[in-house]
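Data first, discussion second: the structure below is written as structure tokens.
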Amino acid sequence: MSDAFIGPDLVSELDRLQRQMSGLFGGFPTSLRSTRAGTFPQINIGSTENTVEIVAFAPGLDVSKVDVSVDKGLLTIAGERTTGHAQPQEGARQYAQERFSGSFRRVIELPQQADPDNVQARYIDGCLLISVGKRETSKPRSITVQ
């Protein structure tokens, strides 16, 4: 049995080291599909038999300030989100700000079977729902053997 004591100094040092390492490597994705922490909006991408479904979690958007476009197989979501609340009193110090505000832009590479002429977008309950149809030629079909 060890007589080692893990006191608050060791824990705080480990916490500091973890923050430094996160800061050092925070700008680099851990995989090809991951993005930097704090990227706005966060997205989920999936597919059905007939569509590619993209959900962008973007509460507090003014839909008139959102632009969704498709060009050369890339879907772009761009816009601006304002804080929407009163600014702190003059002289007040802000200790944390976790809600993103400002301009944003996300670019998503669409799969080859996506049809750029068949895109629908709607904003419901803080989520931007984008549905991209698949090309008819990419859908499975049965071939009759003669």
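The values are calculated or read from the model by the stated rules, or taken from the named source; none is laboratory data. Worth saying up front: this structure is predicted, and the values here are computed from it rather than measured. Here the Cβ positions follow ideal geometry from the backbone for every residue, glycine too, while neighbour counts run over all protein chains shown.
Just to check your reading of the model, which residue among Lys72, Lys65 is in contact with an Asp or Glu (Cβ under 7 Å, 6 or more places away or on another chain) and not β-branched (Val, Ile, Thr)? Give the steps one after another, and end with the answer.
Working: Lys72 fails: in contact with an Asp or Glu (Cβ under 7 Å, 6 or more places away or on another chain).
The match here is Lys65.
Residues that are under 21 Å from Glu98 (Cβ atoms), among the β-branched types (Val, Ile, Thr), out of contact with any helix residue (DSSP H, G or I) (no Cβ under 9 Å at 6 or more places or on another chain) and modelled with pLDDT under 90 are absent from segment 22-34 altogether.
Using the structure shown, decide if Val119 is within 21 Å of the chain's Cα centre (by Cα), surrounded by 13 or more Cβ atoms within 10 Å (Cβ to Cβ), more than 14 Å from Asp67 (Cα to Cα) and of a type in the set (Val, Ile, Thr). No, not satisfied. Looking only at segment 91-108, decide whether some residue is surrounded by 13 or more Cβ atoms within 10 Å (Cβ to Cβ), at pLDDT 85 or above, within 13 Å of Val132 (Cβ to Cβ) and within 15 Å of the chain's Cα centre (by Cα). Yes; the residues of segment 91-108 include at least one that is surrounded by 13 or more Cβ atoms within 10 Å (Cβ to Cβ), at pLDDT 85 or above, within 13 Å of Val132 (Cβ to Cβ) and within 15 Å of the chain's Cα centre (by Cα). Taken residue by residue, segment 135-144 has at least one member that is among the small types (Gly, Ala, Ser), in a loop (DSSP other than H, G, I, E, B) and free of Cβ contacts under 8 Å to residues at least 24 places away in the same chain.
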